[in-house]
Amino acid sequence: MHKHVEWDAPGGASVNAHYAKDEQHRVEPQPGMILTARYHGATVRIQVEAYKDGVSIGKVAALIGDDGERHDSHGDLNLGDMVRLPDDKRAFQSPRDEDD
C-alpha cells in the first residue's frame, strides 16, 4: 500500500518546468533511479520501483532536513515508506543537499 503524501510545490526547482523548455532531454523515470521531491521543507529522495501515467512509485530512500542532516522520519514520512510521486512534484536537488 502506498502512503498518501501531500508533496510541497517544487517552485523554481521544478523538474517538470525545466524540461518543458527542453523536451528532447526529458527522461522517463526507470526502476532504480533516484528522484527528489520536497515534503514539509525537507528533501526526500525516492528510489523508483515503477512508473505509470506520470507518477513514479517507490520507496523513500533518504530524508534530509533543512539543516542538511539525514533523518529516519520527517512528519508522517519514514525511510522505506512506499509513496507515489507525480511528475509535477519532482524537484531538482538543492546544492546544499549534495554529498561531498
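The values are calculated or read from the model by the stated rules, or taken from the named source; none is laboratory data. The shown structure was predicted, so the numbers you read here are calculated from the model rather than taken from an experiment. Here the Cβ positions follow ideal geometry from the backbone for every residue, glycine too, while neighbour counts run over all protein chains shown.
Exactly one of these conditions fails for M82: (1) surrounded by 14 or more Cβ atoms within 10 Å (Cβ to Cβ); (2) modelled with pLDDT of 95 or more; (3) closer than 20 Å to M1 by Cβ. Give me its number.
(1)
Applying the selection to the range 30-48, what residues are surrounded by 15 or more Cβ atoms within 10 Å (Cβ to Cβ) and either β-branched (V, I, T) or more than 11 Å from the chain's Cα centre (by Cα) (or both)?
T36, H40, T43, V44, I46, V48, listed by residue number.
Please enumerate the residues belonging to the range 13-41 that are small (G, A, S), free of Cβ contacts under 8 Å to residues at least 40 places away in the same chain and under 18 Å from P86 (Cβ atoms).
We begin by selecting, within the range 13-41, every residue small (G, A, S); these are 13-14, 17, 20, 32, 37, 41.
Within this subset, residues satisfying the condition of being free of Cβ contacts under 8 Å to residues at least 40 places away in the same chain are 17, 20, 32, 41.
Within the range 13-41, A17, A20 qualify.
Which of the residues that make up the range 50-63 are over 11 Å from N78 (Cα atoms), touching a strand residue (DSSP E or B) at 6+ places or on another chain (Cβ under 8 Å) and either without any contact (Cβ under 8 Å) to a residue 24 or more places away in the chain or surrounded by 14 or more Cβ atoms within 10 Å (Cβ to Cβ) (or both)?
Across the range 50-63, the qualifying residues are A50, Y51, V55, S56, I57, G58.
Taking the range 22-67, which residues are outside any strand (DSSP E or B) and in contact with a helix residue (DSSP H, G or I) (Cβ under 6 Å, 6 or more places away or on another chain)?
R26, G54
Six or more apart or on different chains, Cβ under 6 Å: which pairs go from a residue in the range 69-94 that's part of a loop (DSSP other than H, G, I, E, B) to one that's among the small types (G, A, S)? Could you list them?
The qualifying pairs are F92/A13.
Of (1) at pLDDT below 90; (2) buried (at least 17 other Cβ atoms within 10 Å of the Cβ); (3) not acidic (D, E), V27 satisfies all except one. Which?
The failed condition is (2).
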